[in-house]
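Notes follow once the structure below has been shown.
Nothing in this text is a laboratory measurement; each read-out follows from the coordinates by a stated rule. Because the structure is predicted, anything quoted here is derived from the model rather than measured. Here Cβ is always computed from backbone atoms with ideal geometry, including for glycine, and neighbour counts include all displayed protein chains.
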Amino acid sequence: MKSAILSLIAVASTASAHYTFPQLIANGKTTGLWEYVRKTSNGPVTDVTSSQIRCYELAPGTGASTYTVNAGDTVGFTAQSSVSHPGPLQFYMARVPEGKTAATFDGSGNVWFKVYSQGATFSAGQMSFASAGKTQLTFSLPKSLPSGEYLVRVEHVALHSAGSVGGAQFYISCAQIKVLNGGSGVPGPMVAFPGAYKATDPGVLINIYYPVPTSYTPPGPAVWSG
């Protein structure tokens, strides 16, 4: 009976509203809708082998501008209307190669490194995620991050239906930034999207309802902190 009730809860949560990350936040300033963020569809990516797992662009060349920041600044995204599902929050970055700009780079290849990861907390037999209900999601750029243009990728993995393959929902956006006053750090390890995740990774394929897990590791490489 308990298992059946929890299954109904999972099904009900699947019908909840989807969310997007349409605005770049830089040092507390919220920019315009899709002004510096590549426009996405209103919904998740569920196929980790799809090229949409990279930036989930509505269409190539959606006209986002590039925002200038300094290494060490706080950046992030708004969540519209809010993060409404349980799951980990992660940020990745990709340095734009020579000869391209943030506006023209498609993010392909082993160019992505993780700069932030927020997993689950456990207390009194319960599993929870700090990002749930949030409308703003931010992190600090490493001070040793080299100067240059970058794509910044926010990823929230909704795990409410992740008990079966293809059930995890990836909510993604990519912003375009130019970093000044950077350092001499060497970001890594590098991964590609698609390629960084498998549908059967334990951070992607997981039943969070019953029995309640006692540990959780988000998918992908280790965080580069500089």
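With the cut-off at 25 Å, tell me which of the pairs LYS39/LYS178; LYS29/LYS198; LYS39/LYS114; LYS29/LYS100; LYS178/LYS198 have Cα atoms farther apart than that. Check vs 25 Å cut-off fails for LYS29/LYS198; LYS29/LYS100; LYS178/LYS198. In terms of packing, defined here as the mean over residues of other Cβ atoms within 10 angstrom, the peptides 182-194, 163-175 line up highest first as 163-175, 182-194.
If only the Cβ of Lys and Arg carry +1 and only the Cβ of Asp and Glu carry -1, the dipole of the chain around its Cα centre is close to 180 debye. Under 5 Å between amide hydrogens, built in the peptide plane, is the criterion, and for GLY182 it picks out ALA71, SER147 among residues at least 5 positions away or on other chains.
Counting only residues at least eight positions apart within a chain, or on another chain, the aspartates and glutamates with an alpha carbon under 15 Å from that of LYS143 are ASP73. Averaging Cα coordinates gives a centre for segment 155-224 and one for segment 81-109; these two points are 12 Å apart. Estimated from helical segments only, the mean residue ellipticity of the chain at 222 nm is -2000 deg cm²/dmol, where each DSSP H run of four or more residues counts as -39500 (n - 2.57).
Among 203-215, 117-129, 139-151, sorting by the average number of other beta carbon atoms lying within 10 angstrom of each residue, highest first, gives 139-151, 203-215, 117-129. Positive contributions from Lys and Arg (+1) and negative ones from Asp and Glu (-1), summed over other residues with Cβ under 11 Å from the Cβ of TYR92, come out at +2. If R0 is taken as 45 Å, the Cβ-Cβ distance between SER164 and THR68 corresponds to a FRET efficiency of 0.55. Here's the picture: charge each Lys and Arg Cβ at +1 and each Asp and Glu Cβ at -1 in the chain, and of LEU58, ASN181, GLY167 the one pushed furthest to the positive end of that dipole is ASN181. For volume of the Cα convex hull per residue in Å³, the value calculated from this model appears in [x] 112; [y] 123; [z] 133 under label [x].
A simple count of charges around ARG54, restricted to other residues whose Cβ falls under 13 Å of its Cβ and scoring Lys, Arg +1 and Asp, Glu -1, yields -2. Full extension of the chain segment joining ASN27 with SER82 gains 17.8 nm, where the gain is 0.36 nm per residue of separation less the Cα-Cα distance.
Fully extending the segment from ALA192 to SER140 would add 16.5 nm, taking 0.36 nm per residue of separation and subtracting the current Cα-Cα distance. Between GLY109 and PHE193, the built amide H atoms are under 5 Å apart, and every one of these is 5 or more places off in sequence or on another chain.
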